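Asks: Before I ask anything, here is the structure I am working with.
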Amino acid sequence: MKNALILVYFMITCNVSGQIYDVVAEDDTRNGNGYYTTYSVALERANDVKTLDIEKSDANDFLRSKTYFPNLVNLNLHFSKGVSQSRDFENFANLETITISYSWYLSSLPSNFTALKALKKVYIYNCGLSVLPELFFSNPTLQSVGICGNKLTKLPAIPVNNEIQYLNIGYNEITQLPASFENLKKIKILSLKGLPIETFPEEILKLTELESLELTKTKIAVLPKEIAKLKNLQNLYLVGMNLRLIPSGLKKSKLTNVWISEDDLSEKEKNNITNSLPKECKIEWTSKENQLLDINEKCFCER
């Protein structure tokens, strides 16, 4: 989000009545060259708008409108208030990224919300979503999804043919993953941070391309020995959990970084954990209250 006024100064040489003057000119780059942070200005230059980055009343007005920006590629809406359902974007043929954040009244999305041919990234975080459309994950062009910090209790089915590589569903009220979760065959980064899940989801064991897994602040107390099947796993986030053991099978894994809370661990338990991981693996012993370890700031959830 870019709220600050950015001024670009340049010198113009003028000849007035035989005298040479240097004049400082200002260029307000908040609106122009395809990038707009003011809705009213964007409306006047609809064909030029490629990135629309608006907030508060401007975001409200856009969500309630049927305004069409034919060349819009990136849409960023922040701090909307009083809008419970988003409009649809079915005519936005070039839209690749949708970001909606800190819009706590937003509780639902239209059924065709993600049905855009060019759509690659959707981030709806720190809002009030209680349900997702049944076809939310069905767009085969979708690669990156962040829906953390909402009120979701379940996820819709994930189709076999999907291109999703990044998924953050943290800080929702989801207690169980759908069986179709195992269809995320291309996923590399997954965050379940803060979910009230008590047992390690078996579906994750099928995600063999997974490189980074965040289980921080979940209620999982035991990691299954089968986690060693995640042959590409490199980063594992285990902060704020009650883990006291790490499966010894991870000794031969590709893990390079593990973050884990040490608050209640004895020295013997810490040594056992260290000996269960590859020698090359860097272990970050940290506090249970460490909130800064979020995978990828594409979807930073505050709680």
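Asks: Given the Cα-Cα distance of Lys231 and Asp88 and 0.36 nm per residue of separation, how much length would full extension add, in nm?
Replies: Here the answer is 47.5 nm.
Asks: Roughly what would the spin-label model give for Lys288 and Thr199, points 7 Å off Cα along C-beta, in nm?
Replies: If labels sit at Lys288 and Thr199, their model points lie 2.4 nm apart.
Asks: Can I ask one more? Quick check on the chain: helices-only [θ] at 222 nm, where DSSP H runs of length 4 and up contribute -39,500 (n - 2.57) each and the sum goes over total residues. Nearest 500, please.
Replies: Roughly -2000 deg cm²/dmol at 222 nm, from the helical runs in the chain.
Asks: Largest first, please: the extent of the C-alpha atoms of the stretch 32-187 along each principal axis, to the nearest Å.
Replies: Principal extents (Cα only, largest first): 48, 29, 21 Å.
Asks: I would also like to ask the following. Give, in nm to one decimal, the length gained when the segment between Val222 and Thr208 is fully stretched (0.36 nm per residue of separation minus the Cα-Cα distance).
Replies: 3.1 nm
Asks: With both partners inside the chain, how many of the DSSP beta bridges are antiparallel, as a percent to the nearest 5?
Replies: 20
Asks: How high is the relative contact order of the chain, in percent, counting Cα pairs under 8 Å that sit 6 or more residues apart?
Replies: 9
Asks: Could you state the principal axis extents of the C-alpha atoms in the stretch 114-195, from the largest down, to the nearest angstrom?
Replies: Result for the stretch 114-195: principal-axis Cα extents of 28, 23, 21 Å.
Asks: Taking the chain as the region of interest, what is the percent of Cα-Cα pairs per 20 angstrom bin, listed from the shortest bin to the one with the maximum distance?
Replies: Spelled out per bin, shortest first, that is 30, 46, 19, 4, 0.
Asks: Moving on to the next point. Which pairs in the list Lys186/Lys225; Lys193/Lys219; Lys225/Lys254; Lys219/Lys254 are over 18 Å apart, alpha-carbon to alpha-carbon?
Replies: Lys186/Lys225; Lys219/Lys254
Asks: Turning to a different aspect of this structure: If packing is taken as the average number of other Cβ atoms within 10 Å across a peptide's residues, how do 152-161, 236-245 rank, most packed first?
Replies: With the highest mean Cβ count within 10 Å placed first, the list reads 236-245, 152-161.
Asks: What percent does the relative contact order of the stretch 209-293 come to when contacts are Cα pairs within less than 8 Å and at least six residues apart?
Replies: The normalised contact order for the stretch 209-293 reaches 29 percent.
Asks: Work the Kirkwood hydrodynamic radius out for the stretch 209-293: mean of 1/r over every pair of different alpha-carbon atoms, inverted, in Å.
Replies: Its Kirkwood hydrodynamic radius stands at 12.7 Å.
Asks: Check which residues have an amide H placed less than 5 Å from Ser191's amide H, if you skip close sequence neighbours.
Replies: Residues meeting the amide H criterion: Leu167, Asn168, Ile169, Glu214.
Asks: Per residue of the stretch 279-289, what does 6.51 cos²θ - 1.76 cosθ + 1.60 with θ = phi - 60° give for ³J(HN,Hα)? Whole Hz please, x for Gly and Pro, Karplus curve as stated.
Replies: 4, 7, 6, 8, 9, 9, 7, 9, 7, 4, 8
Asks: Please compute the modelled spin-label separation between Leu43 and Asn257, points set 7 Å along Cα→Cβ, answer in nm with one decimal.
Replies: The two pseudo-label positions are separated by 4.5 nm.
Asks: Once you put a point 7 Å from the Cα of Asn112 and another 7 Å from the Cα of Asn33, both along the Cβ direction, what distance in nm separates them?
Replies: Distance between label points: 3.5 nm.
Asks: Give me the number: length gained by fully extending Val73 to Asn242, i.e. 0.36 nm times residue separation minus the C-alpha to C-alpha distance, one decimal in nm.
Replies: Taking Val73 through Asn242 to full extension adds about 56.5 nm, to one decimal.
A short reminder: the numbers here are calculations on the coordinates, not readings from a lab. Computed from a predicted model, the values in this text were never measured in an experiment. Every residue, glycine as well, gets a Cβ built from its backbone with ideal geometry; the counts of neighbours run over all protein chains shown.
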